[in-house]
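Visitor: Here it is, the structure in full.
The values are calculated or read from the model by the stated rules, or taken from the named source; none is laboratory data. Just so you know, these numbers come straight off a predicted model, no measurement behind them. Glycine gets a Cβ as well: all are built from the backbone with ideal geometry, and neighbour counts include every protein chain shown.
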Amino acid sequence: MDKDNDPSGESFNRRLEAARERMKPRVTAEHDTGGTMSDLGLVIRSGTELVSALVVGVGVGWGLDHWLGTKPWFLIVFSLLGGVAGVLNVWRLVRPDAISTKADGPDGGPGRL
């Protein structure tokens, strides 16, 4: 590694500014698109959210029906609740203000994705 023999730190500051300038376009592009999630990633995550909520609802409904002996009722109710929960999860994922909420943290800086 190079040793910086400049005691004033001028060389370091100059290199740091150059690195920040190189990173600016990448940060701006991530901010404009809402992060680094690609369209395919968003579609796969949306489908997973919807299907997993439905599977959990069906599983809970079937389990309660099997345990209590009330064959179709809990399965029907929890299937509907699981479907609604899945749709709400997908809506939270793709709603228009979700991009600005994820991209900007509470202090105005970069948020967690």
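Visitor: Could you check region 68-92 and list, in sequence order, the residues that are assigned to a helix (DSSP H, G or I) and of a type in the set (Lys, Arg)?
Guide: Matches in region 68-92: Arg92 only.
Visitor: Looking only at region 37-74, how many residues end up being modelled with pLDDT of 95 or more, surrounded by fewer than 15 Cβ atoms within 10 Å (Cβ to Cβ) and of a type in the set (A, V, I, L, M)?
Guide: The qualifying residues number 2.
Visitor: Also: I need every pair where a residue in region 43-68 that is in contact (Cβ under 8 Å) with a residue 24 or more places away in the chain and polar (S, T, N, Q) has its Cβ under 7 Å from the Cβ of a residue that is surrounded by 16 or more Cβ atoms within 10 Å (Cβ to Cβ) and part of a helix (DSSP H, G or I), sequence separation at least 6 or different chains.
Guide: If the second residue must be surrounded by 16 or more Cβ atoms within 10 Å (Cβ to Cβ) and part of a helix (DSSP H, G or I), the pairs left are Ser46/Val90.
Visitor: OK, next. Conditions: (1) more than 30 Å from Lys24 (Cα to Cα); (2) at pLDDT below 95. Val77 meets all but one. Number of the miss?
Guide: (2)
Visitor: Any idea how many residues of region 50-73 are closer than 15 Å to Val90 by Cα and hydroxyl-bearing (Ser, Thr, Tyr)?
Guide: Selection size over region 50-73: 1.
Visitor: Could you look through region 75-97, keep only residues that are within 16 Å of the chain's Cα centre (by Cα) and not aliphatic (A, V, I, L, M), and pick out the one that is surrounded by the most Cβ atoms within 10 Å (Cβ to Cβ)?
Guide: Gly86
Visitor: Still on this model: Within the set of pairs 6+ apart or on separate chains, which have a first residue in region 14-34 that is modelled with pLDDT of 50 or more, a second that is of a type in the set (S, T, N, Q) and surrounded by 10 or more Cβ atoms within 10 Å (Cβ to Cβ), and C-beta atoms under 7 Å apart?
Guide: So the pair list comes out as Glu30/Thr36.
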